[in-house]
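In what follows, a structure is listed as structure tokens, so that the remarks can point back to it.
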Amino acid sequence: MLRCLYAQKNLIASIGPGDLAGLGALILMVPIQGKVAKSLFALRRKQLKFTDERVKLTNEALQGVRVVKMYGWDGALKAKMAKVRKQELAHLRRTRFISACFSMFIMVQPLVVTVATFCVYVGAGNTLTAPTVVTALAIFALLRLPLAFLPILLVQAGNWGVSAKRITRFLLSLIHISEPTRLRRISYAVFCLK
């Protein structure tokens, strides 16, 4: 954060209000990043449901392999697992496509900010000189890392949120209250795997 403030101060000092165009371009890109990240999280949640179903089927097949073989259910079970895997892969493809678009957007973002800044700088009647360009590009290089990792940080925070909800749901599913009670707190609970 301090690096961004320091870079903004130096950009305003070296190229003036042209820096505000770059900052404006950056601010305009935030809603686009948010929309892409939101769709990425939604697809990730759907994909995890298919993965859970496939893992459940696989575990059931491995647990009852003798019964499956004895009754000749292996073909039907294989077809059901293939169907679930196909759905999972379809969602995985969509997720990877949106993730690739997101990565491309991250790589293009600093370039768009730089171009917007220099366009406004020249449009305001200033002349681009080598010292001005080199100084501004050096400062933009300082901003490149925070600009690139802010969207990645948002995606990882979203993944963390999805994981935390899944873990919470799993841990809460392990709690079994032995008898109904009207108390505000649980005084006795039995934990068991379902």
Val120 vs (1) closer than 23 Å to Lys9 by Cβ; (2) open to solvent by 70 Å² or more (accessible area, probe 1.4 Å): all pass except (2)
Mind telling me which of the residues Leu11, Leu48, Leu20 ends up being hydrophobic (A, V, I, L, M, F, W, C) and either free of Cβ contacts under 8 Å to residues at least 60 places away in the same chain or farther than 24 Å from Phe149 by Cβ (or both)?
-> Leu48
Could you please find all residues in the range 1-33 being within 30 Å of Ala90 (Cα to Cα) and open to solvent by less than 40 Å² (accessible area, probe 1.4 Å)?
-> Met29, Gln33
In the range 82-100, which residues are open to solvent by less than 50 Å² (accessible area, probe 1.4 Å) and out of contact with any Asp or Glu (no Cβ under 6 Å at 6 or more places or on another chain)?
-> Glu88, Ala90, His91, Thr95, Ile98, Ser99
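The values are calculated or read from the model by the stated rules, or taken from the named source; none is laboratory data. Keep in mind that this is a model prediction, so the values were computed, not measured. In this analysis, Cβ positions are derived from the backbone assuming ideal geometry, glycine residues included, and neighbour counts consider all displayed protein chains. Note: accessible area is taken over every heavy atom of the protein model, side chains too, but ligands, DNA and RNA are not part of it. Shrake-Rupley method; radii C 1.70, N 1.55, O 1.52, S 1.80 Å.
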